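Visitor: Sharing a structure here in structure tokens format.
The values are calculated or read from the model by the stated rules, or taken from the named source; none is laboratory data. All values reported here derive from a predicted model rather than from experimental measurement. Note: ideal-geometry Cβ built from the backbone for every residue, glycine included; neighbour counts use all protein chains shown.
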Amino acid sequence: MKDYFYYQDRQFYAEQVSLTELAQNYGTPCHVYSRAALTDGYNQFAQALQGTEHLVCYAVKANPNLAILNIFARLGAGFDIVSGGELQRVLAAGGVAQKVVFSGVGKTEAEMRLALQAGILCFNVESAAELERLNRVAGEMGKVAPISLRVNPDVDAKTHPYISTGLKQNKFGVAYGDALALYQRARDLPNLQITGIDCHIGSQLTELSPFVAAIEKILVLVDALAAAGIRLAHIDLGGGLGIRYHDETPPSIAAYVAALQGALQGRTEKLLLEPGRVLVGNAGLMLSRVEYLKHGEEKNFAILDCAMNDLMRPALYDAYHEILPLSQENHPLDTYEVVGPICETGDFIGHARELAIAPMSLLAVLSTGAYGMSMSSNYNTRPRAAEVMVDGDAVHLVRERETIAQLYAAENLLC
């Protein structure tokens, strides 16, 4: 993907906009997205998939901002959701229900009813119990629920254990050995219509071999289903393609799609994909300000105004995010623990970073477009950050910064 964030005359830019000016105008912390980067990522999928019947379903959990959803909806995307709330966001953003697949292990009856009423493309069913519940709920509504089974192929995604979803000890999907019998059960249930099969083995994958191994196992099952008289309209291979945060070398979107197409050669089923991180991760960054520099005997600390509530990934996964100054100035170079103000030792943004900074320096924390804002919280009664979309030389505030009053507006004192 082209680099839409870059230095020019020692100043950091997003497309044609100075990030220093953005920080001054909208405050910090602040999430910034590039519309061109978002569009470029989606178009890379569309171009690579030319000639293949397909639907690219953006994984909403990666970043559910309405402006981002609207951009993808305009480009023709479908959506992969994991809650009723995400479905309502998609519809509010102009998404089409008939292009929505509903994943997740804990779908409630209310969520099922909402999705059935909207007329979504498919439920990715993840257990035998869910299969029975969905059949009952659809019957009570006088509807037929389109389904696929999310099959767990027991393939090691070679990623962080918290975001690996394709091993048999994970909570996701139905066991590979149970899938044929469950499909046969689904065929017998009157309020279900089998339309496809689904597989997702994890997130932030940087090698192609786990994808190919999963596909090969899924295709064996597809052929077994056909032999049993169950023919599928689509094969959903999930998402999970990784991005570069530090020194990773993930495959390009084109190479990833080519590997899938190679494994699927000769198949007639429609291909569904559920990319999330790869579309939005490097299309966004977070702006922050240095509040204090604290020099100690063993470590130096750069204390920022952003924290683990604004970016949970480092504290949760020990994830790496590159940190750069918005202005390349001649401050002393030193090594810092980059931390936030929250009362947790785990509140850090980066370890042992060499930075030439001073108090009040402005910084960019890169690659926060995925799971930055979407995993943020109000811990320590901290308002969530503003979100800004850059479009060429234009700037759009796509989410206002929360106020303290909004955080306790729904709370009540005792009488």
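Visitor: For segment 168-214, what are the residues that are under 19 Å from E269 (Cα atoms) and surrounded by fewer than 17 Cβ atoms within 10 Å (Cβ to Cβ)?
Guide: R187, Q193, V212
Visitor: Then there's this: Mind listing whichever residues of segment 101-127 are in contact with a Phe, Trp or Tyr (Cβ under 9 Å, 6 or more places away or on another chain) and either of a type in the set (D, E) or closer than 16 Å to I68 by Cα (or both)?
Guide: Result: E111, E126.
Visitor: Filter segment 72-82 down to the residues that are crowded, with 20+ Cβ neighbours inside 10 Å and either among the basic types (K, R) or closer than 15 Å to G119 by Cα (or both) and list them by number.
Guide: Once the filter is applied, which keeps residues that are crowded, with 20+ Cβ neighbours inside 10 Å and either among the basic types (K, R) or closer than 15 Å to G119 by Cα (or both), segment 72-82 yields G78, F79, D80, I81.
Visitor: Which condition does M373 not pass, out of (1) under 23 Å from F5 (Cα atoms); (2) out of contact with any His (no Cβ under 9 Å at 6 or more places or on another chain), if it passes all the others?
Guide: Looking at each condition in turn, M373 falls short on (2).
Visitor: Scan segment 298-316 and tell me whether some residue there is under 28 Å from the mean Cα position of the chain (by Cα), under 30 Å from H54 (Cβ atoms) and assigned to a loop (DSSP other than H, G, I, E, B).
Guide: no
Visitor: Right, another one. Cβ-Cβ distance below 7 Å, separation of 6 or more or different chains: which pairs start in segment 120-134 with a residue that is assigned by TED's automatic domain parsing to the domain that holds I197 and part of a strand (DSSP E or B) and end on one that is at pLDDT 95 or above and among the β-branched types (V, I, T)?
Guide: Within 7 Å, the pairs are C122/V101; C122/I147; C122/T195; F123/I147; N124/V101; V125/I147.
Visitor: Counting only residues that are surrounded by fewer than 19 Cβ atoms within 10 Å (Cβ to Cβ) and not polar (S, T, N, Q), which one in segment 374-390 is farthest from C30 (Cα to Cα)?
Guide: Across segment 374-390, the extreme among qualifying residues is Y379.
Visitor: Still on this structure: Every residue in segment 4-26 that is over 25 Å from the mean Cα position of the chain (by Cα) and part of a loop (DSSP other than H, G, I, E, B), please.
Guide: D9, R10, Q16
Visitor: Moving to a separate point now. Working only within segment 88-112, note down all residues that are within 15 Å of the chain's Cα centre (by Cα), assigned to a helix (DSSP H, G or I) and of a type in the set (A, V, I, L, M).
Guide: The one that is within 15 Å of the chain's Cα centre (by Cα), assigned to a helix (DSSP H, G or I) and of a type in the set (A, V, I, L, M): V90.
Residue by residue, here is whether (1) assigned by TED's automatic domain parsing to the domain that holds E269; (2) closer than 24 Å to G202 by Cβ; (3) small (G, A, S) holds:
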residue	(1), (2), (3)
Y26	no, no, no
Y42	no, yes, no
Q47	no, no, no
G51	no, no, yes
L55	no, yes, no
A62	no, yes, yes
A67	no, no, yes
I71	no, no, no
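Visitor: Further question: Within segment 31-47, is even one residue modelled with pLDDT of 95 or more and in a loop (DSSP other than H, G, I, E, B)? Lay out the reasoning, then the answer.
Guide: Going through segment 31-47, the residues modelled with pLDDT of 95 or more turn out to be 31-47.
This time we only want the ones that are in a loop (DSSP other than H, G, I, E, B), so: none.
Checking segment 31-47: not a single residue is modelled with pLDDT of 95 or more and in a loop (DSSP other than H, G, I, E, B).
Visitor: Given the conditions (1) surrounded by fewer than 22 Cβ atoms within 10 Å (Cβ to Cβ); (2) at pLDDT 95 or above; (3) under 30 Å from A213 (Cα atoms); (4) basic (K, R), report the number of the one that R150 does not fulfil.
Guide: Unmet for R150, out of (1) surrounded by fewer than 22 Cβ atoms within 10 Å (Cβ to Cβ); (2) at pLDDT 95 or above; (3) under 30 Å from A213 (Cα atoms); (4) basic (K, R): (1).
Visitor: Yes or no: R267 out of contact with any Ser or Thr (no Cβ under 9 Å at 6 or more places or on another chain), of a type in the set (K, R) and either closer than 30 Å to S18 by Cβ or touching a residue at least 24 places away in the same chain (Cβ under 8 Å) (or both)?
Guide: Against the criterion (out of contact with any Ser or Thr (no Cβ under 9 Å at 6 or more places or on another chain), of a type in the set (K, R) and either closer than 30 Å to S18 by Cβ or touching a residue at least 24 places away in the same chain (Cβ under 8 Å) (or both)), R267 qualifies.
Visitor: Checking V220 against (1) in contact (Cβ under 8 Å) with a residue 40 or more places away in the chain; (2) more than 30 Å from L69 (Cβ to Cβ); (3) aliphatic (A, V, I, L, M), which single condition isn't satisfied?
Guide: Going through the list (1) in contact (Cβ under 8 Å) with a residue 40 or more places away in the chain; (2) more than 30 Å from L69 (Cβ to Cβ); (3) aliphatic (A, V, I, L, M), V220 breaks only (1).
Visitor: Give the residue that is surrounded by the fewest Cβ atoms within 10 Å (Cβ to Cβ), with candidates limited to residues of segment 98-118 that are free of Cβ contacts under 8 Å to residues at least 60 places away in the same chain, touching a strand residue (DSSP E or B) at 6+ places or on another chain (Cβ under 9 Å) and of a type in the set (G, A, S). Walk me through how you get there before you give the answer.
Guide: From segment 98-118, those free of Cβ contacts under 8 Å to residues at least 60 places away in the same chain are 98-100, 102, 104, 106-118; that's our starting set.
Now narrow it down to the ones that are touching a strand residue (DSSP E or B) at 6+ places or on another chain (Cβ under 9 Å): 98-100, 102, 104, 107, 111-112, 115-116, 118.
Checking the rest, the ones that are also of a type in the set (G, A, S) come to 104, 115, 118.
Working: G104: 20, A115: 24, A118: 17.
This residue is A118.
Visitor: Is there a residue in segment 247-267 that is modelled with pLDDT of 95 or more and of a type in the set (K, R)?
Guide: No: segment 247-267 contains no residue that is modelled with pLDDT of 95 or more and of a type in the set (K, R).
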